[in-house]
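Undergrad: So that we are looking at the same thing, I have put the structure below in C-alpha cells.
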Amino acid sequence: MAIASQYDAKKVEEKWYNYWMENRYFHSEVDQREPYTIVIPPPNVTGVLHMGHMLNNTIQDVLIRRARLKGYNACWVPGTDHASIATEAKVVAKLKAEGIDKNNISREEFLEHAWEWTHKHGGIILEQLKKLGASCDWERTKFTMDEKMSASVIKVFVDLYEKGLVYRGYRMVNWDPEAKTTLSDEEVIYQEKQGKLYYLNYKISGSEEYLTIATTRPETILGDTAICINPNDERFLHLKGKKAIVPVCDREIPIIEDEYVDVEFGTGCLKVTPAHDENDKVLGDKHKLEVIDIFNDDATLNDYGLHYKGKDRFEVRKEIVAELKQLGILAKTEDYTNKVGTSERTGAVIEPKLSDQWFLKMKEMAKPALEAIVNKDINLVPDKFLNTYRHWMENVRDWNISRQLWWGHQIPAWYFGDGKDDFVVAETEAEALEKAKEKSGNSDLKIDGLTRDKDALDTWFSSWLWPMSVFNGILEPDNKEINYYYPTNDLVTAPEILFFWVARMIMAGYEYRGERPFNSVYLTGIVRDKQRRKMSKSLGNSPDPLRLIGQYGADGVRVGMLLSSPAGNDLMFDEELCKQGSAFSNKIWNAFRLVKGWEVSQETAQPETAKIAIEWYTARFRKTLVEIEGNFSKYRISDALMGTYKLVWDDYCSWFLEMVKPAYGQPIDAKTYQSVIAILEDNLKLLHPFMPFVSEEIWQEITERTPEEALIVAQWPEAKEYKENLIADFAFASEVIAGIRKIRKEKNIAFKNTVDLMVLDNENSSKTFDPVVQKMGNIEILKYVEKQVEGALSFRVKSNEYFIPITGVVDVEAEIKKIEEELKYTRGFLKSVEKKLSNERFVNKAPEKVVAVEKAKKADAEGKIETLEASLKGLK
C-alpha cells in the first residue's frame, strides 16, 4: 500500500488503540518479570476530563509505556472514586429538578437514584482517557464502592476501632451548611476576606454601666453565654462577679475571668459563644458554661434566633446590625480583613459546630509516614514540598472521618440503647447483634433492636487504601498480587492532595503492610493559562481536552502538555504548544515518507558520506539516550521529551537524512538504507512513550509485523559507549556547512551550481567530515591552503578561515560595493560603541550586565570588520 501523503491522526489513533486493546498489551498478570506498577489517582466517578487530568495521565502513560519497553511487567491500574459530597450534591439536585426532596425518601430509595446516576454518568472520564492513549489495564478497573473495595474499607474501620484508634467524640467540627456535612481540617480552605468589625455595648446587670466587645459575627451574640476578662486587667477589676445582658435577647450571662484574654487586643472584653467558636468552646468547658447552638444544619437560625428564626446567617448579620444600631448598642464599625474557612468542595463558608462524630487518631500513624519522606525511603519530587509536608505531619490533628451523607460507605456502628456508649462496631449486622448482646447483657436482643449509624465515611477513608485495595491486599493480605505488585513504583498526582491523599496512603501502607505504598511521588504543577490564572470553568479559560485532541491529535496534545511541564512547577498552557506537537507528528511522518520513497539498490556501493553519517548519528543517539535516561531518573519528563524532540527534529530530520539522501533520481545503496531503517526504529522506540500513535503507525508501516513484534512491546535501546569526538567534530563541520549556505544565500548562488572551498586550517581540525561538507555544500574542490586566498569570499569557524573563490560566480564589482557599504556601517557602529565605553561615567554607573553587552557588541563589530576587510582584500 502507498503511504498516505498526510498523517491522519484520528484514523491512526482509533486503529492502533483498538489493536492494542484486542491484543491485551495493557493487561498484566503476575509472572517472573520485575513489575512496574502505577495506580491512577482515581478521578470522581461522574467527572469529565479536564486539563489537570490530561497532564497527570499523560505523565503516567509516558512512564508506563517506557517501563513496558524496558521489559518490566507494566501494570497501570485505573479506577474511579465515588466522591461522596460531589456525587450526592448532583443526585440531590437531579431529584429536586424532578420535584423530589431527599428528606422525604428513605436512604434505600436515595441510594437507588445515586447508583442509577453513577451507572449513567460514571466512567465517562475513563473512556475519555482512552482518547489520550492511556494504556491502563482496563480489565483491572476499580471503583471505590465495588463490593471488595467497600468490604476493605469496613474491615479497616473495625480494625482501627478495635485498636483504639477510631473513636466517637462530641467535638467542634467544620460544618459545610451547603453539603450539610462535616469536613476534615484539610478540606477547609482559608481565604482572606474583607469584612467588618462591629463594636457592641453590653449593659452591666443592675447598673447603667456597659462594657464593649468587638466581633466580626454579630449574629452569634444570640448564642453568647459569658463575657470574659483578664483577671489582671485593672480596667475591669470592678466587673468581677457581675453579670452582663446580651443585646436583643436580653439574656443575663456571667462575666468570667481567664488569662486567655489578651489585654492588649481589641477592647479587652471577649464575648464567649461556645457553640460557634473552637476557642470559645475550650473556655466554655473550663468554666462550665451553657452551650447554645443558634443554627440549623443549613446555617439558618433556629428557635434561639428569636424573630430571625428561619433566616440565613448572612441575611441576619445585616438585619441584626441595623437593629443594634437602632437600639444604640452599635458603638462603631471598622473595616477588617480576616481569614475565613471555606469548603474545599462547595465553597460555602464553614460553620464551627459541636457534634457527635467519628475520629481517627493521627499522631502515632503520622510518625512512620513522616520518617519515610524525611529519610527518603519515599522519593518526593520535587523536594521543595518536604517542609510543607513535615509541618503538616508534625502538627496533624485527629481526622474527622464521618460525613452526614448517604452516598458512601455507611459507618459500621450499631446502637442498641440511649446511653453514650450503647453501640458496637462490627463488619456485619449479624456480628453486631452478637456483640450488642454481649455488651448489653441482653441475650434476647433482636436485629430490630439495633439502629445503624446513618453517617457515611469520608471519601478519603476509602481512597487512602487504594494502592492496597486494588490488589485486594486488605481482605487477603497474603495474596500473590499484593505480594507482587506492592509497593507500587511511581505515584503521579497534584500537590494540592499531598495531605488529603498521599500522606494518608503512606500512613495506611505502614499500618497494614509495614512498608511504603510507592517508591516515588511525582507532583505535577497546576495547569494555568498564559495570564498565570488557574484554569477553571468559571473563568472560561480551560479548553476542552477532546477538542484539542480532535484538532491536534493525541500525540500533538501530549507533546504540547509536556513541553512546558517541569515537576512541581505550574504549567503555563498555550494552545500553540499543541500546534507545535502536531507539527512534530507531521515532521516525523514526512521524514518517514521521504525514506520510504527512496529506490534501493543492491549493487550501489555505500558512499563515504553515508558511512560517516551513520557513525555520527549512532554516537549522537547514544549520547542522547544517556541524557534521556538521566532526565527520567530525575523525573524531568519535559527535559526527556525535549532531548528526544531535538534528536529527531534537528539531528535526524535536518542533518542525518540530508547526509545520507541519494542524489536526485538516484537509488540509495542497500547497506545505508538498512542502517537508516534501524536508526528510524530506534528513534521510534524513544518517541513511543511520548507519541504512541504516530510511532506505532510508522513502525507497522516499515514492514509487516506480528502482534509480538508491535512497537508497544518492543525493546528499549540499550545504553552503549559512544565516540564523543565524532559529535564534537560534526558540531564543527555543521558550522562550516552553515557558513557555506549563508554565502550561497547572500550571493544568490544556486545550490545546483558547484563552488570550490579553500581551507586555511589554523585549528588543526578533524577532516573526518570533509566528504559530508563537500556533499552538503555542493563543493567541487575542497582544498587546504597555507595562506589567504585572493579573489574569494570568506568566513570563519573559530580560528579557521574558509574561502569560496567567486570568479565567474558573482558580480565582483557589485560585491565590492556591497562589502564597502557594510564595512562603512559596521565601522560607524563600532565608533558609537567605543564612544559609549570610553565614557567613564557610563562604565562606572551602568549595571555590569549592560556594560558587558556593550563590550560584546564591540568585539562582534571588530570581528565582523576583520572578516569584511579580508573579503574585500580578496576581491581586489
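Undergrad: If we keep just the residues of the range 378-405 that are open to solvent by 70 Å² or more (accessible area, probe 1.4 Å) and assigned to a loop (DSSP other than H, G, I, E, B), which is farthest from ARG171 (Cα to Cα)?
TA: ASN395
Undergrad: Which residues, counting only those in the range 337-353, are farther than 22 Å from GLU88 by Cβ and in contact with a Leu (Cβ under 9 Å, 6 or more places away or on another chain)?
TA: Of the residues in the range 337-353, the ones farther than 22 Å from GLU88 by Cβ are 337-340, 352.
Within the range 337-353, ASN338 is the sole residue that qualifies.
Undergrad: If TYR36 satisfies all but one of (1) assigned to a helix (DSSP H, G or I); (2) hydroxyl-bearing (Ser, Thr, Tyr); (3) over 22 Å from CYS578 (Cα atoms); (4) open to solvent by 10 Å² or more (accessible area, probe 1.4 Å), what's the number of the condition it fails?
TA: Evaluating TYR36 over (1) assigned to a helix (DSSP H, G or I); (2) hydroxyl-bearing (Ser, Thr, Tyr); (3) over 22 Å from CYS578 (Cα atoms); (4) open to solvent by 10 Å² or more (accessible area, probe 1.4 Å) leaves (1) as the failure.
Undergrad: Go through the range 204-245 and count every residue that is surrounded by 22 or more Cβ atoms within 10 Å (Cβ to Cβ) and either among the charged types (D, E, K, R) or more than 56 Å from the chain's Cα centre (by Cα) (or both).
TA: Total meeting the criteria: 2.
Undergrad: Test GLU627 against the stated conditions and say whether it is without any contact (Cβ under 8 Å) to a residue 40 or more places away in the chain, part of a helix (DSSP H, G or I) and under 20 Å from ILE679 (Cα atoms).
TA: Yes; evaluated as a whole, the condition is true for this residue.
Undergrad: While we're looking at this one, here's another question. Which of the residues that make up the range 830-867 are within 50 Å of the chain's Cα centre (by Cα) and under 23 Å from LYS747 (Cβ atoms)?
TA: ASP860, ALA861, GLY863, LYS864
Undergrad: Can you tell me which residue among GLU515, GLU481, GLU476 is assigned to a helix (DSSP H, G or I) and either open to solvent by 10 Å² or more (accessible area, probe 1.4 Å) or out of contact with any strand residue (DSSP E or B) (no Cβ under 9 Å at 6 or more places or on another chain) (or both)? Walk me through how you get there before you give the answer.
TA: Details: GLU515 fails: assigned to a helix (DSSP H, G or I); GLU476 fails: assigned to a helix (DSSP H, G or I).
Matching residue, one of GLU515, GLU481, GLU476: GLU481.
Undergrad: Where in the range 216-289 are there strands (runs of 3 or more DSSP E), lying wholly inside it, with at least 3 residues that are farther than 23 Å from THR333 by Cβ?
TA: On the way: elements: 226-229, 243-246, 251-257, 269-272.
Qualifying strands (runs of 3 or more DSSP E): 251-257.
Undergrad: What number of residues in the range 518-533 are under 19 Å from MET468 (Cβ atoms) and either of a type in the set (Gly, Ala, Ser) or open to solvent by 40 Å² or more (accessible area, probe 1.4 Å) (or both)?
TA: Step one: of the range 518-533, the residues under 19 Å from MET468 (Cβ atoms) are 518-521.
Applying the additional criterion that residues be either of a type in the set (Gly, Ala, Ser) or open to solvent by 40 Å² or more (accessible area, probe 1.4 Å) (or both) yields 519-520.
Summing the residues that are under 19 Å from MET468 (Cβ atoms) and either of a type in the set (Gly, Ala, Ser) or open to solvent by 40 Å² or more (accessible area, probe 1.4 Å) (or both) in the range 518-533 gives 2.
Undergrad: For the range 530-556, which residues satisfy the criterion of being touching an Asp or Glu at 6+ places or on another chain (Cβ under 9 Å) and either free of Cβ contacts under 8 Å to residues at least 12 places away in the same chain or among the hydrophobic types (A, V, I, L, M, F, W, C) (or both)?
TA: Scanning the range 530-556 gives LYS534, MET535, LEU539, LEU548, ILE549, ALA554.
Undergrad: Six or more apart or on different chains, Cβ under 8 Å: which pairs go from a residue in the range 437-455 that's free of Cβ contacts under 8 Å to residues at least 12 places away in the same chain to one that's among the hydroxyl-bearing types (Ser, Thr, Tyr)? Could you list them?
TA: LYS437/SER443
Undergrad: If ILE637 meets every condition in (1) surrounded by fewer than 21 Cβ atoms within 10 Å (Cβ to Cβ); (2) at pLDDT below 95 apart from one, which number is that one?
TA: (1)
Undergrad: Do we have GLY665 as within 23 Å of TYR522 (Cβ to Cβ) and small (Gly, Ala, Ser) here?
TA: So GLY665 does not fit the description; no.
Undergrad: Have a look at LEU330, LEU360 and point out the one that is at negative phi and at pLDDT 95 or above.
TA: The conditions single out LEU360.
Undergrad: So which residues in the range 60-102 are in a helix (DSSP H, G or I), open to solvent by less than 10 Å² (accessible area, probe 1.4 Å) and either without any contact (Cβ under 8 Å) to a residue 24 or more places away in the chain or touching a Cys at 6+ places or on another chain (Cβ under 7 Å) (or both), if there are any at all?
TA: The one that is in a helix (DSSP H, G or I), open to solvent by less than 10 Å² (accessible area, probe 1.4 Å) and either without any contact (Cβ under 8 Å) to a residue 24 or more places away in the chain or touching a Cys at 6+ places or on another chain (Cβ under 7 Å) (or both): LEU95.
Undergrad: Cβ-Cβ under 6 Å, sequence separation 6+ or interchain: first residue in the range 137-153 and under 13 Å from SER463 (Cα atoms) and open to solvent by 20 Å² or more (accessible area, probe 1.4 Å), partner of a type in the set (Val, Ile, Thr) and assigned to a loop (DSSP other than H, G, I, E, B). Which pairs?
TA: Listed by first residue and then by second, the contacts come to LYS142/VAL470.
Undergrad: Sticking with this structure for a sec: Could you look through the range 621-630, keep only residues that are open to solvent by less than 30 Å² (accessible area, probe 1.4 Å) and not aliphatic (A, V, I, L, M), and pick out the one that is farthest from SER695 (Cα to Cα)? Break it down stepwise before answering.
TA: Of the range 621-630, the ones open to solvent by less than 30 Å² (accessible area, probe 1.4 Å) are 621, 624-625, 628, 630.
Now drop any that are not not aliphatic (A, V, I, L, M), which leaves 621, 624, 630.
Working: PHE621: 17, THR624: 18, GLY630: 22 Å.
Once the filter is applied, the top-ranked residue is GLY630.
Undergrad: Within the range 575-589, count every residue that is open to solvent by 40 Å² or more (accessible area, probe 1.4 Å) and touching a residue at least 40 places away in the same chain (Cβ under 8 Å).
TA: Qualifying residue count for the region: 2.
Undergrad: Give me the pairs, please: first residue somewhere in the range 505-516 and within 15 Å of VAL153 (Cα to Cα), second residue anywhere and at pLDDT 95 or above and part of a loop (DSSP other than H, G, I, E, B), beta-carbon distance under 6 Å, and either six or more positions apart or on two chains.
TA: MET505/TRP464; MET505/PRO517; ALA508/TRP464; ALA508/LEU465; GLY509/ARG516; GLY509/PRO517
Undergrad: Going by what's in this entry, would SER184 be described as over 30 Å from ALA67 (Cβ atoms), open to solvent by less than 50 Å² (accessible area, probe 1.4 Å), hydroxyl-bearing (Ser, Thr, Tyr) and modelled with pLDDT of 90 or more?
TA: So SER184 fails the test.
The values are calculated or read from the model by the stated rules, or taken from the named source; none is laboratory data. The shown structure was predicted, so the numbers you read here are calculated from the model rather than taken from an experiment. When we count neighbours, we look across all protein chains shown, and the Cβ atoms used for this are built from the backbone with ideal geometry, even at glycine. Side chains are part of the model used for accessible areas, which takes the heavy atoms of the whole protein and leaves out ligands, DNA and RNA. Shrake-Rupley method; radii C 1.70, N 1.55, O 1.52, S 1.80 Å.
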